[in-house]
Every structure is written in C-alpha cells, then in structure tokens.
1. Where Rh is the Kirkwood radius over the Cα pairs of chain A, the temperature 37 °C and the viscosity 0.692 mPa s, what D in µm²/s does Stokes-Einstein return?
2. Using the structure shown, list the pairs from A:341/A:474; A:341/A:581; A:118/A:154; A:42/A:623; A:647/A:718 with a Cα-Cα distance above 31 Å, or answer none.
3. Give the long-range amide H neighbours of residue A:46: residues separated by 5 or more places, or on another chain, with amide H under 5 Å away, using H modelled in the peptide plane at 1.01 Å from N.
4. Measure nothing but the geometry: give the 0 to 90° angle between the long axis through the Cα atoms of A:62-77 and the longest principal axis through the Cα atoms of chain A, rounded to 10°.
5. Using helices alone, what [θ] at 222 nm do you get for chain A, with -39,500 (n - 2.57) per DSSP H run of 4 or more residues, divided over all residues and rounded to the nearest 500?
6. Treat each spin label as a single point 7 Å out from the Cα along the C-beta direction, and report the residue A:960 to residue A:623 distance in nm.
7. Size of region A:1-127 along its principal axes in angstrom, Cα-based, largest extent first?
8. Based on alpha-carbon centroids, what's the gap between region A:882-924 and region A:252-322 in Å, whole number please?
Amino acid sequence: MKSKANKQVPKAYDHLIIEKKWQKKWAKSKIYRSKEDAEKSKYYVLDMFPYPSGEGLHVGHPKGYIATDVVSRMKRMQGHSVLHPMGFDAFGLPAENYAIKTRTNPLIAVQRNVKRFKEQLEIIGLDYDWTREINTTDPAYYRWTQWIFLQLFKKGLAFESNEPVNWCPTDKTVLANEDVEDGRCERCGTPVEKRPLRQWVLKITDYADRLLNDLDAKKSDGTNLLDWPESIKESQRNWIGKSEGAIIDFPFASTTTENISANYIILHGFEGSAESNFIPWLKSELEKKGHKVTAPELPNAFNPTEDEQVDFVLKNCHFDENTVLIGHSLGAVVAMKVLMKLNEPISGLVIVAAASDPSFFGESAKPRPFHETFKWDFDLDLIKKQANGNIAVLSDTQEEFRAKYLNHLSTQLDARLIEVRAKEEHFCALEEPEILAALHPSVKVFTTRPDTIFGVTYMVLAPEHPYVKSLLPKISNRNEVVEYIEKAKLETEMERTDAKREKTGVELKGIRVVNPANNESVPVWIADYVLADYGTGAVMAVPAHDERDADFAKKYDLPIREIKLEDKDEMIRKFGSKTIKYKLRDWVFSRQRYWGEPMPLIHCANCGVVPVPEKDLPVKLPKVVSYEPTGTGESPLAAIGKWVNVKCPKCKGKSRRETNTMPQWAGSSWYYLRYMDPKNKKALVDSKKEKYWAPVDLYIGGAEHATRHLIYARFWHKFLYDIGVTSTIEPFSRLQSVGLIMGEDGRKMSKRFGNVVNPDEVVARFGADTLRVYEMFMGPFDQQIAWSTDSMVGARRFVEKVWRLSEKVLSSAVDDINIIKIIHKTIKKVTDDINGLKFNTAISSLMIAVNELDRAESISKEQFQLLLQILAPFMPHVADELWSSLGNKKSIHISSWPEFDPKLIEDNEVNIIVQINGKMRGSFMAAKDTSKELLEETAKKVPEVMKWLTGKAIQKIVVVPNRLVSIVVGQ
RNA sequence: GCCCGGGUGGUGAAAUUGGUAAACACGUAACACUUAAAAUGUUAUCUCUUACAAGGGUUGUGGGUUCGAUUCCCACCCCGGGCACCA
C-alpha cells in the first residue's frame, strides 16, 4: 500500500475557472486563425453548418463538432495549415413561420439565434476561426448564390417548366422530389399534391452519370476518390437509380395502322431544297401509301435565318394531330423550333441528322452562315410534348457526331435513336430507305429484360401515354377506355404508387402491336401500374418473368408463356437499342415563399426571361408587411410593387422580377467554397485560395443529408468545375456521418418528448473537457447511442485522474522503461485512431496509459508532457493548463505532435499461447522472434500443457511465431 | 421485393483483420479511508457445474471450411437505413 503522506495538496480542479481562462487566451492569441501558408500542407476539416433554430443546441449537436475539433487540433499540431470554419444556414421555414406569427423580419430572429448558437459553441472550446464565419442570409453571401444560379441559367441548366410538380398545401410551396418522403412533405407530413405550376428547374439529370460514376472513381494510386461511408454512397446510387436496358420498337399491327392516313411535312436543310437529296423520293413513296405530303421550299436556303424559316413553315403548312414533321439537318432544327410555337401537339417528329447544340460546328469546320441567325435554345420538354412523345432520331454517319450529340438528344427527348448507316454521309443519297422504315408507327418500350422478349404476351401503356389519345378513333371500347383514364387522373400520387393494391386496366380493343422478335401480334392494354414518367410509359409484359405482369395477366386471363432466356446483348442488337434511364429527376428549384434567395431574373414582354446583370447583384430581399405565403403559386414578393416592377435590362421596357425564391438547399450547396475566401467582393472565391484549400479533406455531419445536400452540393461543385471556378471534380474527399445521440429514454432528443439535455448545463456541471471526452468515448462515432448523464462520471474521473497525475511529475524522476514504452505505444494508437476517427478506442488507450502512470511513484516531466500533448485534442483546457504549469510559455495546441519511436513500441518478450485441439491450455513468455522449433519444444514443457499431452499421440503441430503453438492430439 | 449496414456480458462496447472473446468504461457487490456521507482507492463481476480447485458452455440460429472462426463461405431469423407497381 503506497502512502500519500508526502504528496503536495493539489490545486483543485475547477473547470469553470480554467475553461474560461483558456478560451479567452486562445481568442486573444489568435492561434486558431487559418492562413494559406505555402510552407505547410493544408488540411480542411468541415462541419455541416447548422440551421440556427430558436431552441438552441442540444447535447447531440456538438458531437460532430467535437470530432472535427479533435482532428483539427491534431492536424495543427502535426504542422498542417488547418482550415476549420463555422457558419450558419439560416434561410428556411422555421424562421419564416416565426416571422409570420410575430410579423417581424426573420432576420431579427436569425441574428438572435446565431448569437445564442455561437455562445453555446464557444463554451465547448472549439477551435473555429470565427473571422471566416458565413451566413447564407447575408446579401454579401447570397449575392454569390445568385451568381451561381445565373451561370446555370446561362448554360441552359436552369429552365422554366410547366410540368406537374409536388405541391405542399400546408407549407404552400412546391417541393423538389428530394423533399418528398413516402408521398408526404418531408417538413410537415402533409400528403403532397401534383399541380402544374410554372417552375424553375435545374438540370441535375445532365450530371447523373458523373454523380454516379465518381462515387466509385479511383485516384491514380488506386484508392477511392471518395472516402465515404458505403451506406451513403449506396443511398446516392439508389437515388440516381441508373438502369441499363433497351428501347424496343413494337410496330402497330397492320390491322391497326392500315387506315391511318398521316399528313407529312418534310423540311430540307442548309443549302438544300425540296428537290434535293432524298426528299422527292420519300415524298413519292409516302404518297403511294395514301399519305398527304408537303415539302416546302424554305426561304434563303443559302443564308437562312431562324425567324424567317420558322414563320414560313408556320404560315404555309397545316398542322394537326395527324401531322408528322420530318426535318433533315438544319431542317430538323427548324422543325423543333416550329414545334415550340405550335398550339396543339402533332403526331410525331423525325429528326434526320441534326443537333440541338451549336457547338457541332466544331473547331475544324468553318462557321456556317446560320451560326448567328439561329438561337440554339431548345425547350426539349416542350418539344417532347408537342411531338406527342413520338420522336425518332436518325443517326448521322459521323461516329463522333453521333456519340456526342445524337445520343444526348435522343436521351433528352426520350426518342428512338435509330442507329443506321445512311446510304451516303449525312443522308445525302437520292434514296434513303432507313428514313422510310423509321416512319412506320410503333410503340417504344423500355425494358431491362430484353432477354425475355420471346415471353411477351401483351403490352401495357400508361393511361397518360400520348398515343392513347390519338388511337381513340380506332378503339372499339372507347367509352370504357376514356372512363378508365378519367378515373386514373383523379387518383393521388400515393394511391397510384401503392404497390399492394390490386392492379386494374382496360384493353384497347382493336389495337395490336407486333413483337419484333417473333412477329407475333399481341393485345395492348392501359393500366395505372405503368407510370407515364418512367421509361417510355409503355411496358412489354412478360408475365412468366415479371411478378407485376403476372398479377395482371392472372387477373385478366392473359396468356403466360414460359420461355428460355436469350442473350441480352444479342436481343438488343437485333431488336432494339441500348438505353440508360435514371430515377433522378431534375431539381425543382423555386419556392413560393419569402425567406429565401430571390432569383436574379426579370420577365420582359419583349425579351422574355432576362438575367439580372452581374453588376446588379445581389438582388436583395425587400421588406414586406406580410410574410404569409399566398397559396396561389406566387410568393409574397409578388405583392411588393416597388420591388417587382423594374426596367428590362435589355430593352429598358416595363418588366417584372421573378418572385419565386430559391430552396433552402441553395446556400448550402457551395458554402464550403466561401470559407476559403469569405470576404472576397470580386469573386466567389479567389482561384489561388481555392487551389490551396480544395478539396475538403474531412467532412462530418448527419447521414440524413445523403440524398439531398450531398447530392446538390456535388452537382453544383461539378458545374462550378466545368466553368472553371473549382479545381477538383469532387468537393468532399472524405465524409463521415455522425451517429445521433438519442435521449436517455432511447427516443430522439426533442422538446416534444421532454428528453432534451442542454449542453450549457452539462458544461457548467462537469466541464467542457468532460463533455468532450464523454461524447467521444460513448461508442463508435457513427453509431446512434442514447445519452446517459450517469455515465459521464467516468469521463469526469478520467479528466480528474489526469489532473492528479500532475502531482507525480518530478524533474528528478527517472522513468521505468515500461512507462516510456506505454507512452510511445499510446502515441501511435492515438494518432492512428484519430486519423481513423475511432475516438472511443483512442480514449480507451489513453485511459490505459493514465492508469499505468498512476501506478508509478513518479513521472518525468518529459513523459508527462508527451501524454498531455496527445490528450490535448480531447481535453484542450486541462491540457493547456497543466502544460503551462510545467513552465511552457506557448499554448500546447501549437506545440508539435509527438512522434513515437518505433523501437520503443516493440516488445522484446511475447506471450505465446498453447492450444491443444483448438483449446487454450497454457501460455509462456518467449523472446521475440524465437524460432519455431524452440517454441514447439518449450510449449510441450509447459506444465498445464503436459497434462493434456500425456498418453496422447501428437498428430500435428502448427507454430505461428510470436503468437501461438497449436497441438493436435489423437483420442 | 431489391440493395447497404448491423446483431458480442446487467449497460456502452473492444478484439492487432483467422490466433488467449469480453480490453476500456458505466453499473453492482465487498473492503479500506471517514463519526458519517461524498470523493478516492483496492478486489470481484460472461455463464453453468451451490463455494474453492478443476472443468464445460458462450459472439442472433443452423450448417461448412480450418490445427484454430466474433472474423471466411452457405442457409435462415431479427434490428436499422436507402430504393420501390422504376418495367
């Protein structure tokens, strides 16, 4: 029993005093300021910035912040230039709803909440560089959010759409697909409605492939580009929902089509005429079949302008629901422009060798005269609609052209891409039979199972499929079909997509299609289990190989045919074309609410949508009297005449501002870039600074952001990369999700359950260092664990033990080699574990070391300082206090992180286990690297082992050096 | 239904990636110090064979591979998450 009689009475550990003292000192000495120091390697560690709610932080919030703080402190000590910033994401509904209730500007609530949040963060002793603080609601910040939107707009990635969108009747705003969970508004739980409303939409689908592929991309050293939890990558993969399959054409059976007489309009191209190329031939072929054909001579074929040609076609051609528009080369561009101006949809569009992108002129080709006289903007959704969803794209002969533009165009238009060889390059022969073949009307299906094509026994269209309307005259049970379509319209999205309910449908009697694989004619049905907005809105039904088709077939007594599966690729080659579909939808980007970034756009009667000039940014949110959403699809901003009515930046005419605002996710989609250069007035981020800090090395936050923030931010980042603002293809190299801290009752911490634990109280009672140690020690960092105030005493005891250990420090002390070894082993373990974000085991190894040191009579200053340094990230206040009491003048947090001595972490004696028939029967100590033979000899002589060996025959001995000897004996 | 995690003492968990299962901590019990309590320290604490000793069993269940499996393989059960009448 050791005596404590001679020990000095220690200074009492008073966390209240020392924590305040050190927090002040740190702020004064500016040790946490980040600098672009070319001498040092950078480390950017980022927290998902909080929404400053009125309730303040609970004890769960800081868990992630403490983790980044631990990492950031170690990296700083290791000599990195560390960027560890914090800010606030303050646009959004809670502040706005509070504003509605109290009729105060939400900014006031935001400012108050931010102040409270900062106080709460500061008492935990986090090492943020507050000079870089940002706030998404600050006009100096959202100026750049608006700037990014303008760039998206200029690149055609922001467009207006009138498609039905998700509308939340409670929050009175539209929602993105990502904001809908199980058919309900993610915020308030109200079932969403589908409403056709004019919306701004971002073309995130253009990035679907890159968003997907880069999840699994490798760096040049073979490691993953994204060091992310597999579960989050998987969520994103599921959300993007790529499926590879085929588009297969099922032509209408001749009984269906023989009497359909169409009205064909053929538009020639640049330097062409109605008498050139294949046009006269095609005209006569179609007329032979009884169709009406118009091939107008377009004005100024050698020096065409869009306005002249489009107007000419609109004036001189007749359009109705039986019209099929065929455009060759530039004529196809004219055709698409014509479609955008028609009032009613036509029957179909055939694009022969054209593109919707002006860059197809290429570097080598000389600019054509129409380069400037055509506007290369296309509303592809509108074109799709106006062409009744019936579009065929015939490939050109130039491989590069096809890969680059036509694949894209046909994907965007959901068109049939008909990959054929023209007889002459660019379809310039006098006869082009492939064009004629492409005109035969057919139903396109999307399938991932082309291998089952011989099992098709019927076809199902979505009730909304554009063909259904045009086929009505040919359907004998017309009334029944119309009734079914009407009924389907009335159903909500939730009812419609409920997989459990019984399938219903109606046959389109009189309509049949031909299976291209076996030329068999099969019936066509409509059913609401087929969705209009996925694939082509049409399904080839294979009841023998698809459960849904089987259910349907059984109910309506349709044949079920077992077949042997074919080779997928062969079937695609023979009967269809390879296609890729995504579940990801474009990002509905406007909200009909007040508290968000105004969209920097102006609507002018003459000029259309005009972007606000960059020099006029930011477009500031005006003050309003009522923040109440209108519910009409207009935001409250629409009522502020002074703000809304402006001059058009182009023609100076009367015009109106866009009154929709951006969604909550806008500001957070790029904020990590602004921390690099938060005060820059000339640019979003200075490119030198961006190159220094990018990418984020470690990003920590909640897993609930997997398919929203983390997809949106990756999308914007890639876009910013494309326009040269960012230098990396991904924003966050390494991501780690924080496991939630639950209430003591095991439920989510919430005011509602009365189980919220306030960090201020915990810090006041136990101290910030104890809170930090406790939260890091609770369990694996990414795991959800219930809070337990009782268990905090363990962390507190540990902090106190470290404090008391300082009594044993003697300058004259000579350390036992075992003590030195333990310190060095712990340095290695703690360094590795912090890098691996395994904070719980780092602390456990520190506890083991402290317990060990506690057993020693005295400790040298040298060893104790090493211990304090590796404790510093976890208990920064106590570490700095004890460090300075040892006579150090500078903060421990800017001292150099200890290196372990590899020689000191090796044991020269190891414990060798002896197993007999797989059971541990004894052990002995042996020098490291003792030979196998000697280990075997020694093992056999261990008394407890000998007992098991007597009278038994040894059958086999396995010796693993430095580990064990395993002996197998007979009966 | 498909896909990703995960399942270890009373509790949070650990296990060098195939080599002594339960480190570290909470809780509990006994003891020491104390008038007492708190604090602190010491000891014990997976489970069964009533206790010592000596053994047996044990990482969701059942099989397999192996000298040896918490770890690898197969099947199943349960919990958490993502997607979903997506063709």
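Derivation of every value follows stated rules applied to the coordinates shown; laboratory data play no part. No experiment lies behind these values; they were computed from the predicted model shown. All Cβ positions, glycine included, derive from the backbone under ideal geometry; neighbour counts span all protein chains shown.
1. 98
2. The answer is A:118/A:154; A:42/A:623; A:647/A:718.
3. Counting only residues 5 or more places away or on other chains, the set is A:698, A:699, A:700.
4. So the helix axis and the longest Cα principal axis differ by about 70 degrees.
5. Numbers: 32 runs with 324 residues, N = 971.
Calculated mean residue ellipticity at 222 nm is -10000 deg cm²/dmol.
6. For residue A:960 paired with residue A:623, the spin-label model returns 7.5 nm.
7. Result, largest extent first: 69, 43, 28 Å.
8. When both Cα centres are located, 84 Å separates them.
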